[in-house]
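Participant: Could you have a look at this structure, given as structure tokens, before my questions?
Any read-out appearing in this document is the output of simple, stated calculations on the displayed coordinates, not a laboratory observation. Bear in mind the structure is a predicted one, so any value in this text is a computation, not a measurement. Neighbour counts run over all protein chains shown; Cβ positions are idealised from the backbone, glycine included.
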Amino acid sequence: MELVIEGLSKNFKDTKAVSDISVTLHKGVYGLLGANGAGKSTLMRMICGILKPSSGRVSFDGMDVSEEGFRAVLGYLPQDFGYYPEFKARDFLLYMAALKAIPKKEALARTEELLELVGLKEVSKKKIKTFSGGMKQRLGIAQALLNRPKLLVLDEPTAGLDPKERVRFRNLIEKTGHDCIVILSTHIVSDIEHISDEVMIMREGRFIYQGKWTDEQTSLEDFYLKQFEEAEEDE
Amino acid sequence: MSNFGTLFRYELKKIVSRKLFIIIAILLALITCLAPFSGVIGSRYENGTAVESYFSYYMKEQSGKRALSGRTIDRELIEETLAAYSKVPNVLRYSETPEYREYALAYNEVYTFIRQSLSISNEEMKTRVLGEEELYRRKAEKLEEYLNESFTTDSEKEFWKNQYEKIEKPFKYYYHDAYERLIDGFMTVSVLTMAFLATVLSGIFPGEKATKTEELILSSARGRKPVYAAKMLAGITISLGTVLAVGILSFAVCLGFYGTEGFNLPLNFDVNFVMYPLSVGQGSLMLYGMLLISAALWAVFIMFVSEFIKNGMATLSASMLLLIVTNMVSFPVSARVLGQIWGWLPLNYPSVWNMFDERTLPIFGKCFTSWQVLPIIYLCLVIMLFFFGKRKYERLSRE
Amino acid sequence: MSKLEKEIKAAFEAPKPQKKEEFLSRFEEKQLSLTKFILSQAGYIGKLTWFGFAAILICAALSPVTVNDSALWFVSSLMPILALLLVSESARSERYKMAELEAVTRFSLRSVLMARMVILGGMGLIVLAICAPAVMFLCDYPAIFSGLFVVTPFFLTSALGLLTVRRIKGQAAIYSVTAEAFFVSILVLLARNCPERYMNPGMIKVFMIVAAGSLFLTVFEGICRIKGTEEITWSW
């Protein structure tokens, strides 16, 4: 299981949102840290194949990002996603399951399983427009897990979750990371502190740090701030 | 395949579960049901006072017409009609006189047929002595004049003359109010159907961006080709379903209230420039049949445009403005080619005067009527737009 | 900032300010009056709205020349579009999710909304005041029919539109209002195919009732909208 990103760049007019990113990822949880505007979401959209890179290539086990096979193993939770107000939670997951080419029988079973997992079983027959922000976020996480993805890309997944939900989410991601590649972007350090195997820190479209952090003595937050200071000094 | 079925069902659900869809569908159904009764609702006024309801007036007229139904428009009936009208005073609003209601009301359709066939005024009709042969001869001459004024080619004139000869003469009059209402009210139904489709389909593609579900869909395995096909098919299904629904409603209401008689009356009796040997019943069915195909093309066009504009409201506004402009603008008869293309657009075509007009499409020396060629042309356009749109959608990315 | 820059900053630190409040209080705080505020809001009305007003006036002015006999129907069919411009512009705050921000300012959302409705309503009435008499004068139909036929679609669309924006939030509301306006416009255009059905004393009563009812509902919904700004819900 290998995600290969080679020389990935994205330019928007005069701005270089992502600049020449190359990395190879294997099974595990990868935390992608960076301030707002660092390029995290742009990178993630290119990994998911919904944004065309200006240059570079993304492939998973040899499959290019543009192939249907790539998207078949992908689970994605965007930073700001919507829903169909008239859909019920169950409808939404069944619809997403159809989009992910999951056979109907399996989709029904998987939907029930995930609704239980994210704590939405009691409200599964209610319309999404009645949900709170946290409930919508949990539904988003559920849809990302529908097809048992080998590559799970989560863009600020804990936004809107209360502390208890965030702990629950972290446990879920840690478990998932044993079997697939999880890329989790956030600018809140505590989200990934305990669960990431590797940390990638982005600044102005580039990786300013990439590697394991468990070997370091300091906390990830101090470690994160230190990287920014070092980057400023280098300038 | 089962996934595609699920996707298709959910795309349909996305369209029909919206409150706007339900409200406008109810409005369309109401207008479709009420429009055939516009002539029987309300009252007739004299000097500001209601003197009689249109309904009682109509019931009297209907019984008179039914009494005449089945009679040949021959010398006897012509004389009877002219004699009845000779008793009506020669005033501007002669139809409001008691003499008209007493003597002439039942004959008004036959009278109108005779007057239109001869193309003369009411005053001239009063003094006319007319035989059966003269009536049909003059009618044929008037139609020939009409063809000349319409800038038709010689082969078209020959074609229409041959078609007109196939209509059995003398005409037999039938009471046919149901079909008359269907034909008269068809334009209202077709314009409102097109407006309905513009409203409910403009947001099919841009709506995903508005609801912020675009990324979820595009990052899914079936998020490209199958979703595009499911959306298009859902839109086409809605368009066909709408036309079928309004068609069934219209026929049910008209035939239910006005009766089923008169299917075989020549269409030329009601629409005097139609020279094809069609009956009013066949004409009514053809109108709705062509509306089906026009609606499908209009639906695909709206969805195609919405992919490019990427804004549901802009697509809706543009579609509605196009609908209004096509309704308001017409070309003079002399602008033959432009007028024909304009008249054959899917927004203009579903109407009596465009569908049954004298303009044909000559192919290898043979004249083909609009209803013979347009279904094929529209189908080709649907396929073309479908594939152009598919290419656009597959290249979609959030750039 | 580099290490050297930090050290220089620490060595040459600026002295703390003295008598700062006293100095600042010498300046008179200029505040915007209500009238000036209302006028200033005119500058924030979208260009498309002004362009729409102008286009409607021009089309109405040219209609006796371009569409001749159908001038009444054409001008009447423009009135729902006029109402659409007014309603959609008045719902700008909700449309662009600025309502909460505007609600906590000095001239709150309520004032912004009132100012917009005064300006837009005034413009709408000016256009109506030009179009209705012009149509009554130029058309062959009785003046009262013509006048009613012009104002009724306008007030009907305004009433429906304001009803819609109060009940539906965001872009969906504007979409619905657009659809309503065009539907009314198309129904007016279809009416021109059988004018005798509408131009009779029986129908004049119907038009009067619809026009009066729509006017009442427009004013009522407008007041409710302004009152409703006091209670902004968190969940849209």
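Participant: Under unit Cβ charges (Lys, Arg +1; Asp, Glu -1), what dipole magnitude, rounded to 20 debye, does the protein assembly as shown have relative to its Cα centre?
Facilitator: About 1080 debye.
Participant: Another question, if that's okay. Based on the alpha-carbon set only, what is the convex hull volume of chain A divided per residue, in Å³?
Facilitator: Considering the Cα atoms of chain A, their hull volume per residue is 126 Å³.
Participant: Now for a different question. GNM on chain A, C-alpha springs below 10 Å: top fluctuator among A:Val182, A:Val123, A:Val199?
Facilitator: Result: A:Val123 has the largest fluctuation of those listed.
Participant: A further question on this structure: What residue among B:Ala230, B:Ala221, B:Ala83 has the largest mean-square fluctuation in a Gaussian network model of chain B, using Cα springs under 10 Å?
Facilitator: Residue with maximal mean-square fluctuation among B:Ala230, B:Ala221, B:Ala83: B:Ala221.
Participant: Based only on other Cβ atoms within 10 Å, what is the fewest-to-most ordering of C:Phe182, B:Phe257, B:Phe151?
Facilitator: By the 10 Å Cβ count, ascending: B:Phe257, B:Phe151, C:Phe182.
Participant: How much length would be gained if the chain were fully extended between A:Arg206 and A:Lys104, taking 0.36 nm per residue of separation minus their Cα-Cα distance, in nm to one decimal?
Facilitator: Between A:Arg206 and A:Lys104, full extension yields 32.5 nm more.
Participant: Could you grab the relative contact order for chain B? Cα pairs under 8 Å, six or more apart, rounded to a whole percent.
Facilitator: Normalised by residue count, the contact order of chain B is 20 percent.
Participant: If you don't mind, another one. Classify the protein assembly as shown: rounded, prolate or oblate, from the alpha-carbon gyration tensor (a ≥ b ≥ c, eigenvalue square roots; a/c under 1.5 rounded; otherwise prolate if a/b is larger than b/c)?
Facilitator: prolate
Participant: Once the Cβ-Cβ distance between C:Tyr44 and C:Arg110 is put in as r, and R0 is 25 Å, what FRET efficiency do you end up with, to the nearest 0.05?
Facilitator: For C:Tyr44 and C:Arg110, the calculated efficiency is 0.95.
Participant: When the helix-only estimate is applied to the protein assembly as shown (DSSP H runs of n ≥ 4, each -39,500 (n - 2.57), divided by the residue count), what is the mean residue ellipticity at 222 nm, nearest 500 deg cm²/dmol?
Facilitator: After summing the helix terms and dividing by the residues of the protein assembly as shown, the value is -19000 deg cm²/dmol.
Participant: For region B:71-151, with the dipole built from +1 on Lys and Arg beta-carbon atoms and -1 on Asp and Glu ones, taken about the Cα centre, which of B:Leu92, B:Val110, B:Val129 lies farthest toward the positive end?
Facilitator: Of B:Leu92, B:Val110, B:Val129, it is B:Leu92.
Participant: Rounded, prolate or oblate: pick one for chain B, where a ≥ b ≥ c are the square roots of the eigenvalues of its C-alpha gyration tensor, a/c under 1.5 means rounded, and failing that, prolate if a/b is larger than b/c, else oblate.
Facilitator: Here chain B falls in the prolate category.
Participant: Projecting each Cα onto the charge dipole of the protein assembly as shown (Lys/Arg +1, Asp/Glu -1 at the beta carbon, about the Cα centre), which of B:Phe301, A:Val23, A:Gly75 comes out farthest on the positive side?
Facilitator: A:Gly75
Participant: Still on this structure: Taking the Cα centre of chain A as origin and charging only Cβ (+1 Lys, Arg; -1 Asp, Glu), how large is the dipole, in debye to the nearest 20?
Facilitator: Value, rounded to 20: 1620 debye.
Participant: Another question, if that's okay. Once the Cβ-Cβ distance between C:Glu5 and A:Lys121 is put in as r, and R0 is 56 Å, what FRET efficiency do you end up with, to the nearest 0.05?
Facilitator: Calculated value: 0.45.
Participant: Turning to a different aspect of this structure: Can you give the net charge of the other residues whose Cβ lies under 13 Å from the Cβ of C:Gly122, counting K and R as +1 and D and E as -1?
Facilitator: 0
Participant: Under 15 Å from the Cβ of B:Leu265, count the other residues' Cβ atoms, weight Lys and Arg +1, Asp and Glu -1, and hand me the total.
Facilitator: So the environment of B:Leu265 carries a net charge of -1.
Participant: Using a 7 Å offset from the Cα along the Cα-to-Cβ direction at both A:Lys16 and A:Ile188, what is the distance between the two label points in nm, to one decimal?
Facilitator: Modelled inter-label distance: 3.2 nm.
Participant: Further question on the same structure: With only Lys, Arg, Asp and Glu charged, each at its Cβ (+1 for the first two, -1 for the last two), find how big the charge dipole of region C:35-227 is about the Cα centre; round to the nearest 20 debye.
Facilitator: Roughly 740 debye for region C:35-227.
Participant: DSSP loop (so not H, G, I, E, B), at most 16 other Cβ within 10 Å: list which trypsin sites (Lys or Arg not before Pro) in region C:38-97 pass both filters.
Facilitator: C:Lys97
Participant: Testing the spin-label approximation: label points 7 Å from Cα along Cα→Cβ at B:Glu99 and C:Ile209. State their distance in nm.
Facilitator: Result: 3.8 nm between the two label points.
Participant: Which whole-number percent gives the relative contact order of chain C, counting Cα pairs below 8 Å spaced six or more residues apart?
Facilitator: It comes to 24 percent, rounded to a whole number.
Participant: Follow-up question, since we're still on this one. Which of B:Thr211, B:Thr49, B:Thr72 comes first, and how do the rest follow, when ranked by fewest Cβ neighbours within 10 Å?
Facilitator: In increasing order of surrounding Cβ atoms, one gets B:Thr49, B:Thr72, B:Thr211.
Participant: First select every other residue whose beta carbon is under 14 angstrom from the beta carbon of C:Phe155; then total the charges, Lys and Arg +1, Asp and Glu -1.
Facilitator: Spelling it out: positives minus negatives among the neighbours equals -2.
Participant: Oh, and also: Would you work out which of B:Met187, B:Gly389, B:Ser53 lies farthest towards the positive end of the dipole of chain B, given +1 charges on the beta-carbon of Lys and Arg and -1 on that of Asp and Glu, about the Cα centre?
Facilitator: Most positive-ward Cα: B:Gly389.
Participant: Put a dot 7 Å past each Cα toward the Cβ at C:Ile144 and B:Ile248; how far apart are the dots in nm?
Facilitator: So the label points at B:Ile248 and C:Ile144 sit 4.5 nm apart.
Participant: Counting GluC sites (Glu not before Pro) as exposed when in a DSSP loop with at most 13 other beta carbons within 10 Å, what is the longest stretch of chain C free of them?
Facilitator: Within chain C, the longest run free of exposed GluC sites (Glu not before Pro) spans C:30-229.
Participant: Which lysines, on any chain, are close to B:Lys166 with Cα under 16 Å apart, when same-chain ones fewer than 8 places away are left out?
Facilitator: B:Lys139, B:Lys157
Participant: Do you know the relative contact order of chain A, to the nearest whole percent, from alpha carbon pairs under 8 angstrom that are 6+ apart?
Facilitator: Taking the mean separation of contacting Cα pairs over the length of chain A, I get 28 percent.
Participant: Here's a follow-up. Please check: in the Gaussian network model of chain B (C-alpha springs, under 10 Å), which one of B:Met313, B:Met194, B:Met328 has the largest mean-square fluctuation.
Facilitator: B:Met328
Participant: Another question about this same structure. Which of the residue pairs A:Lys13/B:Lys212; A:Lys150/C:Lys97; A:Lys104/B:Lys225 have a Cα-Cα distance greater than 27 Å in the structure shown?
Facilitator: Exceeds cut-off: A:Lys150/C:Lys97.
Participant: Evaluate peptide B:323-329: per residue, the Cβ atoms of other protein chains within 10 Å of its Cβ; return the mean as an integer.
Facilitator: For peptide B:323-329, the averaged partner shielding equals 4.
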